[in-house]
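Notes follow once the structure below has been shown.
The values are calculated or read from the model by the stated rules, or taken from the named source; none is laboratory data. Values in this document were obtained by computation on a predicted structure and should not be read as measured data. Here Cβ is always computed from backbone atoms with ideal geometry, including for glycine, and neighbour counts include all displayed protein chains. Areas reflect the complete protein model, heavy atoms only, side chains present, ligands, DNA and RNA absent. Shrake-Rupley method; radii C 1.70, N 1.55, O 1.52, S 1.80 Å.
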Amino acid sequence: MKQLSRIGLIALVCCQILNAEQLHLYIGNGSSDGISKALLDTDTGVISEPRITSPAVSPNFLVFSKGKQFCYSTTRSKHSDGKSNLGGVSAYLRTEDGTLVFLQSRLTGGTGACHVSLDRTGTCLFSANYGAGKVSSYKVKVDGTLSPAVSVIEHKGKGPHLHRQKSPHAHSAYASANNKFVYAADLGTDSIEVYSLDEKTAELKSVATVACPPGSGPRHMCFSLDGSFLYVLNELKPSVTTFKCDLASGGLTMGKTIPLLEDGVKNIACSEIRMSDDGRFIYAANRDLKNEGRDSISVLSVDGSGSLKLIQTAPVGVWIPRHFDITPDGRLLVVAGQKSNAVVTFHRDPATGMLKPTGKRIAVKLPMWIGFVRP
């Protein structure tokens, strides 16, 4: 029996070694240096020293094309008045060694570009402009470059928060599962703006405005695997609100809102939300605005009816976890600690969804986005 146990143990270790891989880890930031690239070991959570792979100004959010051949990032440039910043999106070609080669930039028609995403075909790009409260769309060409903005839509309204909701603040935009609609979260107006999408032209047209809980500040979103549920992360009142999606009309029906923290907790704001590839767990990041060591990742289970249950609140050990992502094999979760100037890794149990620190971290200037590509 002891011999069999040794053989079994050796087989398990060999299996783990074979499954381990090194990923290209890309890091966007809020500085003027550019997009960084490092290597991530999926077995140990160790990250190599990051190096700038492409100069860029404030590449604070990125998205890769399906085939990983192209990358798109937010950016900014100075207005002719020398005072205000113009929002933009930049396109890059990803070479065989993982280097990002700049192709082109386009203006977003607003200020404070904070989010970019692609539609389900990869032929339409969307940007959200926090400062201007606008959502823009672009047609993606075969060579990866972008058309000028096809649609630039300015949101209207405000919310009850005295400081954060005086005007619209578009914070993200995502295509629906059937690619017929785009949902844009506006933190300033407590709403989800619903747009129809013409994927041939990338044109957006307003369909509906769906109210979110007052003062919640909707920020980012994720879909269930079949697209029938939309989970909205609320920044100002740390929570996740579930919406039932009507795939035919694009309509949203609001369901339950699940708090991520205890009642009465103040000065904590949410940042990012992710669903595991198997659709069983949702992760949400909580930022401690007072730097009192309360930064965390909330882990929620998703049952067969789409309902959520909070099962873990994992301290992250970095200040302002601005963004995070799960590796393709589901075994690691990597967090960008913006104000700690650090990136940290966590072991993730695919069966339970639970997180455990690896103890590994690297120094990076103002990390604000994390993403992976297999070499």
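Choose one answer from 66, 200, 360: the residue with the largest mean-square fluctuation in a GNM of the chain with alpha-carbon springs under 10 Å.
200
Mean projection of the alpha-carbon convex hull of the range 234-375 over all orientations, in nm²?
Details: hull surface 39.0 nm².
The orientation-averaged projected area of the Cα hull of the range 234-375 comes to 9.7 nm².
Report, in debye and to the nearest 20, how large the dipole of the range 174-259 comes out about its Cα centre when Lys and Arg carry +1 and Asp and Glu carry -1 on their Cβ.
So the magnitude is around 200 debye.
Taking the Cα centre of each part, how many Å lie between the range 349-370 and the range 226-283?
Measuring centre to centre over Cα atoms gives 21 Å.
For residue 49 paired with residue 66, estimate the spin-label separation in nm (one decimal), with each label point 7 Å from Cα along the Cα-to-Cβ line.
Spacing of the two 7 Å Cα→Cβ label points: 3.9 nm.
In the range 260-333, what percent of the accessible surface is made up of carbon and sulfur (1.4 Å probe, ligands and nucleic acids excluded)? Spell out each step's value before the answer.
On the way: 1350 of 3010 Å².
Summing carbon and sulfur atoms, their accessible area is 45 percent of the total for the range 260-333.
Along each of its three principal axes, how wide is the spread of alpha-carbon positions in the range 283-332, in whole angstrom units, largest first?
37, 24, 14
Given the options 335, 150, 265, state which has the largest fluctuation in a GNM of the chain using a 10 Å cut-off (strictly under) for Cα springs.
265
Compute the accessible area per residue over the chain, keeping the other protein chains in place, probe 1.4 Å, unit Å².
For the chain, the solvent-accessible area averages 43 Å² per residue.
Lysines near residue 290 by alpha-carbon distance under 25 Å, same-chain residues fewer than 8 away left out - which ones?
Reachable lysines: 166, 237, 266, 339, 356, 360, 365.
Checking the table 180/205; 66/205; 156/256; 37/139 against a 19 Å threshold on Cα-Cα, which pairs fail?
On the way: 180/205 11 Å; 66/205 25 Å; 156/256 26 Å; 37/139 27 Å.
Among 180/205; 66/205; 156/256; 37/139, the Cα-Cα distance tops 19 Å for 66/205; 156/256; 37/139.
Counting only Cα, what are the radius of gyration and maximum Cα-Cα distance Dmax of the range 218-285, in Å?
That works out to 12.4, 40 Å for Rg and Dmax.
On a 0 to 90° scale, report how tilted helix 2-19 is relative to the longest principal axis of the chain, with both axes built from alpha carbons and the result rounded to the nearest 10.
30
Quick one: divide the alpha-carbon radius of gyration of the chain by 2.2 N^0.38 Å and tell me what you get.
0.97
For a quick protection proxy, order the peptides 323-331, 111-119, 162-170 by their average other-Cβ count within 10 Å, most packed first. Before the final figure, lay out each step's value.
Details: 323-331: 19.6, 111-119: 22.2, 162-170: 17.9.
Put in order of decreasing packing, that is 111-119, 323-331, 162-170.
Can you give the Rg and Dmax of the range 88-217 based on its C-alpha atoms, in angstrom?
Taking only Cα atoms of the range 88-217, I get Rg and Dmax of 15.1, 49 Å.
Using θ = phi - 60° and the Karplus curve 6.51 cos²θ - 1.76 cosθ + 1.60, what whole-Hz ³J(HN,Hα) does each residue of the range 261-275 get, with Gly and Pro shown as x?
Per-residue couplings from phi come out as 9, 5, 4, x, 6, 10, 6, 10, 10, 7, 10, 9, 9, 9, 10 Hz.
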